[in-house]
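First comes the structure, then the notes that go with it.
The values are calculated or read from the model by the stated rules, or taken from the named source; none is laboratory data. Note that the structure is predicted; figures quoted are calculated from it, not measured. We place every Cβ from the backbone using ideal geometry, glycine too, and count neighbours over all the protein chains shown. With ligands, DNA and RNA removed, areas are computed over all heavy atoms of the protein, side chains included. Shrake-Rupley method; radii C 1.70, N 1.55, O 1.52, S 1.80 Å.
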Amino acid sequence: MRVLPAFLIALLPLGSMAEETAPRTLNTPREFPTIESRAAWEARATEIREQILVSCGLWPLPEKTPLKATVFGKLECDGYTVEKVHFQPYPGFYLGGNLYRPLGKGAGPFPAILNPHGHWENGRMADEEAGSIRARCISFARQGMIAFSYDMVGYNDTGFAGGDPKKVHRGYGTQPTDQLWNINEMGLQTWNSIRALDFLEGLPDVDRKRLACTGESGGGTQTFILGAIDGRLAAQVPVVMVSHSMQGGCNCENAPGLRIDYSNMEIAAAAAPRPQLIVGATGDWTKTTMEVEGPAIAGIYKLLGVEDRFKAERFNFGHNYNQTSREAVYDWLGHRLLEKPDPALLKEQPYKKLPDEDLRVFPDGKLPADALTMEQFIAARKEERKQQWQKLVPTDAAGLERFKKTMLPAWRHTLQTDWAPDLRESKRAVESPLKENVVVSFEVVEGEEAKGVPEFEHSGQTSLVKVKTSAPDPKADEFSAFFSTYNRSALQGLVSGQIELCQGLREVPQVKRIVLVGRGRAGIPALLAAPVADAVAVDCGGRSFAGDEELISPGFFAPGLRGIGTFSCGALLAAPRPLLLFNTDGQFPTADIETAYRAVGQEKQLTIVKGRMTQEEILKWVAEL
């Protein structure tokens, strides 16, 4: 739960209220926000895109290494050809799939459609009455489009060396320490989809301006996630997954932090103004498609002046991507991607089912010799994050500006705060006893519940405001049931509380300078909140935080924390404003912070003290600023 100091409400009635006390889950009903202007929606859509990328561990985007694609085993069938494909989204990780092409329709270029699949037991090989991936790919090819079906992680031909594929899909990236690095299955599958689009785009017979994506259930999630972050899609059709209630029941759909402020409805709407059809069913969580989700998303398309580019359909079936649903998709995509669609082919024609073995990329289950194990792959991702961070640590003034431009979104979305630099100078009439200089001293109270009522001390032109907050519950479980996908961690709550208070103080006309002080366990949150203040003093607790295990206890955990340099990002975003780090005990990591201050010639603005400091010593430092 977010910590909102009573001072913020009592002294500065900003209308900010605490979040609901009961943790939200994947089944908590969500409402579409009221959007009053095109500019407001475009700003929110940007926030959604950034949150997806940060949550999936894709901010900044990893290097797009060579795919080393292999296409082989071509079979000629009735009106189409099918081939086996594998390529490497990351070095040493193999993604398998099948490529369906039109037969007898010339050399193209053709539209191309990505086909991620849902949680069928047989993955992309599924061919059931309720849903068939190969049926839709065959139909697309016969209509004159290229279709690529590819695996979810852990299905068919896609996994890790030496592991049980059945344990991969719900096993990858599930350790609490993985969350610190934003290593999660949704991130891996999202990157796979981005690279699958790269693969399609690179084929000589593909029209790069007519790319689309459609998938069902978990594949529907992949569809609207890709559509929200990748502008190359000309159209998308998520099937039986856009819901205001159930948001996705698997690791591959629940990246940490993703839905604290957003729902699948908004994420799907982020594709606007590009064409989109959503398909629901009366027998699952999309049963209100025509009453709730469809009208909400349609409102955004109307706001953007492109009402005709969105459509919602619902059919009287259970959870499905059956022939009825598929034919609705054929008709809709056919009239948007094909110049002269053949009406007969927009109805599904009979097809001969090929044996699974004819479509498998690695039928014996043996991956190439250079395939990584899961442990090796996770280690590689952590090293990748470390290298990304080190490349961003500024060594000159221009580098500091680049750092701030790149990492401000990562900091904001990792800590789940809406604060931005342009909010620093807003003013409004607020009666307050505060002086020109305000020192806000936060302290976490261990073993008791803080009342949140601030204490005031005034001296000359300086006001000292003491705020006590309750310590996080040491027994709290922040890792089960996708808790972090829908709720803030205790650390994120502590940081948000400090940011909101300082942000509120910015609106007091007489306040000219805000100094944020974090004492005891409030020190780390204060360092992370540093950009919102004019100067910051931080109790570092004499800890090194070198091991990930130190960071998974309440009060120190936030998903993606390692990706923003653990606790350094806030300091670098605030640089070169005055910063005091005390009680470091020579262990707290300060090297990156020191590098940044040296980079802009402001070493004197940074003070590092190994030992503890009293309140009087801290106030003396403040007085000398």
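About the Cα centre of the chain, how large is the charge dipole given +1 on each Lys and Arg Cβ and -1 on each Asp and Glu Cβ? Please answer in debye to the nearest 20. Don't skip to the end; give the middle numbers.
On the way: 70 positive and 78 negative charges, 226 e Å.
About 1080 debye.
Enter the angle in degrees (range 0 to 90, nearest 10) between the Cα long axis of helix 490-505 and the first principal axis of the Cα atoms of the chain, meaning the one along which they spread out most.
For helix 490-505, the angle is close to 60 degrees.
When only DSSP loop residues count, what trypsin sites (Lys or Arg not before Pro) in the range 528-598 have their Cβ near at most 12 other Cβ atoms within 10 Å?
Details: sites: Arg543, Arg562, Arg598; in loops: Arg543.
Answer by residue number: there is no such site.
Under a plain spin-label model, where a point goes 7 Å from the Cα along Cα-to-Cβ, how far apart in nm are Leu354 and Gln510?
That separation, rounded to one decimal, is 7.9 nm.
So which of Lys84/Lys386; Lys74/Lys167; Lys466/Lys620; Lys64/Lys84 end up more than 27 Å apart by C-alpha?
Details: Lys84/Lys386 35 Å; Lys74/Lys167 31 Å; Lys466/Lys620 16 Å; Lys64/Lys84 22 Å.
Cα-Cα > 27 Å for Lys84/Lys386; Lys74/Lys167; rest within.
Could you work out the local net charge near Ser193, counting Lys and Arg as +1, Asp and Glu as -1, over the other residues with Cβ closer than 12 Å to its Cβ?
Details: positive: Arg195, Arg232; negative: Asp151, Asp198, Asp230.
Value of the local net charge: -1.
Per residue, how much space in cubic angstrom lies within the convex hull of the C-alpha atoms of the chain? Present the calculation step by step, with values, prior to reporting the outcome.
Numbers: hull volume 94.3 nm³, N = 625.
Enclosed volume per residue, from the Cα hull, is 151 Å³.
Could you give me D for the range 33-105, from Stokes-Einstein at 4 °C and 1.567 mPa s, where the hydrodynamic radius is the Kirkwood radius over C-alpha pairs? Units µm² s⁻¹, please.
Working: Rh = 16.0 Å.
Rounded, D is 81 µm²/s.
Expressed as a fraction of 2.2 N^0.38 Å, the rule-of-thumb size for a compact globular protein of N residues, what is the C-alpha radius of gyration of the range 472-554?
Values: Rg = 14.7 Å, N = 83, 2.2 N^0.38 = 11.8 Å.
Rounded to two decimals, the normalised Rg is 1.25.
Return the tail of the calculated pair distribution for the range 99-215, meaning the percent of Cα-Cα pairs more than 17 Å apart.
That fraction is 60 percent.
In nm, what is the difference between 0.36 nm times the number of residues separating Lys166 and Glu446 and their Cα-Cα distance?
Values: separation 280, 0.36 × 280 = 100.80 nm, distance 4.39 nm.
In short, 96.4 nm is gained.
Quote the charge dipole size of the range 181-333 about the Cα centre in Debye, to the nearest 20; the model charges only the Cβ of Lys and Arg (+1) and of Asp and Glu (-1).
I would put it at about 200 debye.
Compute, for Trp59, the solvent-accessible surface of its heavy atoms (probe 1.4 Å) with the complete set of protein chains present, and express it in square angstrom to the nearest 10.
Surface accessible to solvent at Trp59 totals approximately 70 Å².
In the range 300-350, which trypsin sites (Lys or Arg not before Pro) are in a loop and have at most 13 other Cβ atoms within 10 Å, using DSSP for the loop call?
Listed in order of number, the matching sites are Lys347.
Near the amide H of Leu464, under 5 Å away, which other amide H atoms are found, from residues 5 or more places off or on another chain, if H is placed in the peptide plane?
Placed amide hydrogens put Val439, Glu457, His458, Ser459 under 5 Å from Leu464.
Any idea how far apart Ala476 and Glu383 come out in nm if each label point goes 7 Å out from Cα toward Cβ?
My value for the distance between the label points is 3.5 nm.
What is the mean projected area of the alpha carbon convex hull for the range 208-267, to one decimal in square nanometres? Intermediate results must be reported in sequence, preceding the final value.
Values: hull surface 16.1 nm².
With the hull built on Cα positions only, its mean projection is 4.0 nm².
Under a plain spin-label model, where a point goes 7 Å from the Cα along Cα-to-Cβ, how far apart in nm are Thr46 and Glu31?
About 2.7 nm separates the two model spin labels.
Place the peptides 198-205, 477-484 in order of packing, highest mean first, counting for every residue the other Cβ atoms within 10 Å and averaging per peptide. Display every interim value, and only then the final one.
Values: 198-205: 15.5, 477-484: 17.4.
Descending mean neighbour count gives 477-484, 198-205.
If you average 1/r across every pair of different Cα atoms in the range 39-184 and take the reciprocal, what Kirkwood value do you get, in Å? Please report the intermediate quantities before stating the final value.
On the way: mean 1/r = 0.0572 Å⁻¹.
Averaging 1/r across every pair of different Cα atoms and inverting gives 17.5 Å.
For Gln461 and Lys620 in the same chain, what is the full-extension length gain: residue separation times 0.36 nm, less their Cα-Cα distance, in nm? All intermediate terms of the calculation are to be shown ahead of the outcome.
Values: separation 159, 0.36 × 159 = 57.24 nm, distance 1.43 nm.
Here the segment from Gln461 to Lys620 would lengthen by 55.8 nm.
Hey, how many Å between the Cα centroid of the range 238-259 and the Cα centroid of the range 75-109?
After rounding, the separation between the Cα centres reads 29 Å.
Any chance you could check the Cα centroid distance between the range 311-381 and the range 505-582 for me, in angstrom?
47
Using only Cα atoms, find the angle between the long axis of helix 133-143 and the longest principal axis of the chain, and express it within 0 to 90 degrees, rounded to the nearest 10.
Long axis of 133-143 versus the principal axis of the chain: about 60 degrees.
Output the Cα-based Rg and Dmax of the range 574-625 in Å, rounding Rg to one decimal and Dmax to a whole number.
When restricted to the Cα atoms of the range 574-625, Rg and Dmax are 11.3, 31 Å.
Quick check: from the Cα gyration tensor, does the range 172-297 come out rounded (a/c under 1.5), prolate or oblate?
Numbers: a/c = 1.94, a/b = 1.03, b/c = 1.89.
The shape class here is oblate.
Once amide H atoms are built 1.01 Å from N in the peptide plane, which residues 5 or more positions from Ala234, or in another chain, come under 5 Å H to H?
Close amide H contacts, sequence-distant or interchain: Leu211, Ala212.
Of the DSSP beta bridges with both residues in the chain, give the percent that are antiparallel, rounding to the nearest 5. Please list the in-between numbers first.
On the way: 24 of 75 bridges.
Among the beta bridges of the chain, antiparallel pairing accounts for roughly 30 percent.
Nearest 0.05, what FRET efficiency do Thr406 and Thr595 give at R0 = 22 Å with Cβ-Cβ as r?
0.85
Under the Karplus relation 6.51 cos²θ - 1.76 cosθ + 1.60, θ = phi - 60°, what is the ordered set of whole-Hz ³J(HN,Hα) values for the range 256-261, x standing for Gly and Pro?
Running phi through 6.51 cos²θ - 1.76 cosθ + 1.60 with θ = phi - 60° gives x, x, 4, 10, 5, 10 Hz.
Could you work out the relative contact order of the chain, using alpha carbon pairs under 8 angstrom and six or more residues apart, expressed as a whole percent? Walk me through the intermediate numbers first.
On the way: 1310 pairs, mean separation 95.7, N = 625.
Dividing the mean separation by the residue count of the chain yields 15 percent.
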